[in-house]
Amino acid sequence: MQEDIKNEGVQKVEDFFTIDKTDAELTSMIDRKIRSAYGEYEKLKTEGTRNERYWANEQLQGINLYWHNSRIVQNRIYMGTETMVPIITSKPAEPMITMAGFDEKKDGSEKEREFLRQIERMLLDKYYDEDHPQQEVFEMIARHLLLYKIGIPKIRWDDDMDDYIVEFVHPHKMIISPDGHYNEDVWTAEYMEWTLGDIIKEFPEQESTIMHAVFPGTDSSEKLLGTPLGFWEYWSEDGKYLVWKMNSVILQKKLNPYMVWKKDKTFNKEKNHFSYPKKPYMFLNSQNLGRHIWDDTTPISQGISLQDGINLMQRIITDTARDQGILVGAQEGIDRDELYKYTGAYNEKLSIKGGNPQGALYRVAPKQLAPHVQENLLHLENASDNIMGTHATTRGEKSKQPTLGQDVMSKESDYGRIDAVVRGIERVANAIYNWELQMIAVKYKEDHYTRVLGDEDGKKAYEKMKEGIKKRIKITVKPGSTLPVDKLTQRNEAIELAKADKISDLDFFERMDYPNPREMAKRVFLQKNKPEMLYPDLVKEMEEDAKKKAKESGKMNGSIQPEVLPEQTLQPGIPGAPGAQPQEVPQQLGTEHTQALLQGQQVQPFEGIDPTLYEQHVSAELQFMGSQEFTQIPEELQALYAQHVMAERQLNDRQASQPIFS
């Protein structure tokens, strides 16, 4: 282990790294750095390989088992890992974008807000990119963190795609400086392997040098172009210099190509999003003592011994269950060949010479499982779940807890354990968003903006970005935004807010997770404010009916009497429509309207309800909408029921005194 306190004075003599050195000096310096870090790399790789083996169910390596012993493996390592990864990467991290000097009270603030929204739109568009989905990158680096102690996302510019790509680097293909905890403290060397043809295409000016070093005396014929060659991509600690090297050949060396530099090779702060150069790598860690940039341990490393214990208990249980006892025969009483004709496996019979005082045949009773074995197994399983933070309720399984409250407490405890990894994911997401903005500021042209925002908005955003970079755009990630949402809790909260009239219709429908929430909210708004737009055919029918009645009575005044619009009815074939199977609802839920609505009957708002009970009636219907039974109703019925309830809510707000049409 590295010492925390060293002697004063010179520790070791190191050359100052700069690309102005000769190629020979650069290759020598990089090789020396890689050799100095190789010991720590091998330790990291050995532990990571073991963790990967356990995750992949290869857990019996090195254990001496007889041919008749069980090979059963109850893989809690895999179960815990693949429970954690979907939880911590279920949603994209929500970016919060601000700009220095932004004042909402100033004129033009709406333009500033729109510009910030456009940046967010461009960032999330890349997250959902079909060819390089970033959720896959986050899933991979989270899995790598648990297995290999570090996750490494990387951003790079692809000339063929004319766009940037966010990808992951396997930790076993990266050697990182063992000294330093922060990104700015470490150098990196990524091992890469391309074909000879790709290397020559990327570095054409070095073709002859490459061929002389790899295939001396040979031209780059087509027969050799498919040959894979390994080389290093090296980045200095400060992120200023990039070097590609293969053996003694410097393929290319240059200043960071993702930054804007002045003519004197100094960093141009006015034209970069970043305040200083950075390497295009980000590092995910969470359980770290600060000695290295990678973690000192992981839940998987901590759970290996428990996994071995679980497998041992399972083998004991299985081997004991297999034991059917031994049928022993004395050869004086029964011939050996005759004994082996009896039912049972070959290894369940034993023929002994001589006589047997207990007779010709005797069955030795099977082994009995010791009571402590099952107890030990349950204890080990629970301990493993404690370390991984993935108990039954978190995995979505039925738990053995006696109450719902204990289930909730168990799940909250698991989320508390997982939270350290979540915070690491959020730090990386924040770094990726800022790196993407750097790429957009430095590499994007006008057509990049218009691809996502359209011609008009894209042109405006392109011009606005130049000003935005000077003003310093700041991106942070909303804490906890990557975690999944408990939909039942979200629905109940929405219903409570609706009772207090503290939530908009759109937010209500969105939180209730209904299909087409914006369209539903629009219909509610129209029913309250412009019902004639929602029911134009009905308006026409009512006007014609009023004219007819007026004509018959000899009074043509063109007025239309207030009437209550009928609810939308279900179409035949939709569950709950006439002729379909009725939806059964417990009597204690909902109101007298509930069962009729779910059977497809037409029910007017507050039909048959005492006006003094309107508030109580709506409250009961909202409670039903928040119940588990409501979630089991088909979505079409949920939407129609919600429209009925919202119509009653609006009428109640108006005290049922205003006519619908005037």
Label-point separation in nm, residue 420 to residue 350, each point 7 Å along Cα→Cβ: 5.1
Estimated FRET transfer efficiency (residue 132, residue 213; beta-carbon r; R0 22 Å; 0.05): 0.10
Qualifying chymotrypsin sites (Phe, Trp or Tyr not before Pro) in segment 129-185, DSSP loop, other Cβ atoms within 10 Å at most 15: 182
Length added when fully stretched, residue 125-residue 161, from 0.36 nm per residue minus Cα-Cα: 11.4 nm
Distance between segment 313-374 and segment 105-151 - C-alpha centres, whole angstrom: 66
Label point distance in nm, residue 478-residue 596, each placed 7 Å from Cα along Cα→Cβ: 4.1
Spin-label pair residue 82/residue 35, simplified geometry with 7 Å Cα→Cβ offset, distance in nm: 4.4
With DNA, RNA and ligands ignored, accessible area of residue 125 (1.4 Å probe; Å², nearest 10): 70
Rounded if a/c under 1.5, otherwise prolate or oblate - segment 246-304, Cα gyration tensor axes: oblate
Positive dipole terminus of segment 25-168, leading residue within 164, 147, 96 (C-beta point charges): 147
Contour excess over end-to-end distance, with Cα ends at residue 326 and residue 18 and 0.36 nm allotted per residue: 103.1 nm
Exposure of residue 594 as accessible area (Å², to 10), given a probe of 1.4 Å and all protein chains: 0
Estimated FRET transfer efficiency when R0 is 22 angstrom, pair residue 522-residue 114 (beta carbons, to 0.05): 0.45
Sparsely packed trypsin sites (Lys or Arg not before Pro) within segment 159-224, loop by DSSP, other Cβ within 10 Å at most 12: 223
Two-site FRET efficiency, residue 68 against residue 45, from Cβ-Cβ distance with R₀ of 51 Å, rounded to 0.05: 0.90
With all protein chains modelled, accessible area of residue 379 [1.4 Å, Å²]: 130
For segment 428-469: rounded, prolate or oblate by the Cα gyration tensor [a/c cutoff 1.5]: prolate
Total lysine pairs whose alpha carbons fall under 16 Å of each other in segment 176-267 (8 or more apart, or interchain): 13
Length released on extending from residue 264 to residue 629, taking residue separation times 0.36 nm less the Cα-Cα span: 124.4 nm
Gap separating the Cα centres of segment 229-243 and segment 488-520, nearest whole Å: 52
Segment 216-310: GluC sites (Glu not before Pro) in DSSP loop, at most 13 other beta carbons within 10 Å: 222, 270
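The values are calculated or read from the model by the stated rules, or taken from the named source; none is laboratory data. Worth saying up front: this structure is predicted, and the values here are computed from it rather than measured. All Cβ positions, even for glycine, are placed from backbone atoms using ideal geometry, and neighbour counts span all protein chains on display. These accessible areas exclude ligands, DNA and RNA; they are computed on the full protein's heavy atoms, side chains included. Shrake-Rupley method; radii C 1.70, N 1.55, O 1.52, S 1.80 Å.
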